[in-house]
Amino acid sequence: MHANTPIKPAYIDLHVHSTASDGSLSPVKIIQAADKANLRAIAITDHDTIDGSVEALQHQHSSGVEILPGVEISASFESGAMHILGYLIRLDDVSLRGVLKVLQKARASRNLQIIERLQGLGVDISYDEILKASGGGQVGRPHIAHVLVQKGIVQNIDNAFNKLLRKGSPAYAEKYRLLPVEAIEAISGAGGVPVLAHPFTLNAKTEGDLERVLVELKQAGLKGVEAYCPGHGPELTAMYERLADHHGLLVTGGTDFHGALKPEVHIGIGRGDLRIPYRLVEELKKETNQPPSPSLSP
Ligand SMILES: [Zn+2]
Ligand SMILES: [Zn+2]
């Protein structure tokens, strides 16, 4: 960094989606948005792909925003959605790339299954139409829903999910997911730090239930918990901080920014009140034994 570059305020966003998965902004546009929001560091954590991180790192020099290599991997979990974030991963790691390739293939074949089921129900829809609707990024049920609305088959996106696409409805196809331990090992194996994303989506009923899950994940190699995110009120945040502290896990935070697909969530600040401090990046780096960033530290 240039000697007279002004020191940025020490805020970060470690959970951002780009067009490489289901966000609406390209990695370059995300860097520009982060720069404008005065963020000091971000991580692009696309679902099951590191393409967004690779592209962002190629453009890191275009701004004063530090880019942490990242990914978000879905894992199987009975009562809710379990997503494992991976930070500071080696982007050229052969075995991580292999795992992500398997997940992407599974994603593609699931989409084809859904299309076949819709066709079986007499719906006039093709995979090409879905590809077009995706605009070149990752393809998924939201794009299928979009085409169903466009064609007047359902009234809106909610209808598309409720009547056809959600679990238990006629065009639903099961998704292949890694076991939590497999997701954690894929990240650790690439030198990264595995962190449980937005714990509230696990739908744990009590603090004790969540604690049991955390203990199991920690035994599998989990290193942190995403304590700060827009879906958490102050009480949940305090609970996640308490549990992380008690079990020797670090805390991270991010907005789960998706651009225009989730317009109420803004990069860095979520719904307006998130301020995630840069020192959490230093904590992550300690986990990987990487040197801190002296030029960026206040
Ligand atoms: Zn997630
Ligand atoms: Zn996410």
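Can you work out which of the residues in region 27-39 that are surrounded by fewer than 23 Cβ atoms within 10 Å (Cβ to Cβ) and either touching a residue at least 40 places away in the same chain (Cβ under 8 Å) or of a type outside the set (Val, Ile, Thr) (or both) is nearest to residue 11 (Cα to Cα)?
38
Only residues that are in a loop (DSSP other than H, G, I, E, B) and surrounded by 20 or more Cβ atoms within 10 Å (Cβ to Cβ) were counted in region 230-257, giving 6. All told, residue 65 meets the bar of being among the β-branched types (Val, Ile, Thr) and more than 16 Å from ligand 2 (Cβ to nearest atom). Taking residues in region 197-220 that are on the phi > 0 side of the Ramachandran plot, and partners anywhere that are more than 14 Å from ligand 1 (Cβ to nearest atom) and polar (S, T, N, Q), the pairs with Cβ atoms closer than 8 Å and at least 6 places apart or on different chains are 203/79.
For region 119-147, taking the residues that are touching a Leu at 6+ places or on another chain (Cβ under 7 Å) and in a helix (DSSP H, G or I), the one that is surrounded by the most Cβ atoms within 10 Å (Cβ to Cβ) is identified as 144.
Picking from residues in region 206-229 that are farther than 18 Å from residue 75 by Cβ and within 16 Å of ligand 2 (Cβ to nearest atom), the one that is surrounded by the fewest Cβ atoms within 10 Å (Cβ to Cβ) is 228. The residue that is modelled with the lowest pLDDT, counting only those in region 258-282 that are assigned to a helix (DSSP H, G or I) and surrounded by fewer than 17 Cβ atoms within 10 Å (Cβ to Cβ), is 261.
Scanning region 35-62 for residues that are within 16 Å of ligand 2 (Cβ to nearest atom) and aliphatic (A, V, I, L, M) yields a count of 5. Would you say residue 117 is more than 16 Å from ligand 2 (Cβ to nearest atom), touching a residue at least 40 places away in the same chain (Cβ under 8 Å) and farther than 30 Å from residue 227 by Cα? The answer is yes for residue 117. Consider region 61-101 and keep the residues that are surrounded by fewer than 13 Cβ atoms within 10 Å (Cβ to Cβ) and away from ligand 1 (no atom under 16 Å from the Cβ). The one that is nearest to residue 37 (Cα to Cα) is 62. Just checking, does region 147-160 include any residue being of a type in the set (A, V, I, L, M) and within 16 Å of ligand 2 (Cβ to nearest atom)? No - not one qualifying residue is present in region 147-160. I want to confirm something. Restricting to region 183-205 and keeping residues that are assigned to a helix (DSSP H, G or I) and of a type in the set (Val, Ile, Thr), which single residue is farthest from ligand 2 (Cβ to nearest atom)? Step by step, filter region 183-205, then rank; the result is 184. As for region 206-221, it holds no residue that is within 16 Å of ligand 1 (Cβ to nearest atom) and not in a helix (DSSP H, G or I).
The values are calculated or read from the model by the stated rules, or taken from the named source; none is laboratory data. This one's a predicted model, so the numbers in the text were calculated from it and none came from an experiment. With ideal geometry, Cβ positions are generated from the backbone for all residues, glycine too; neighbour counts draw on all protein chains shown.
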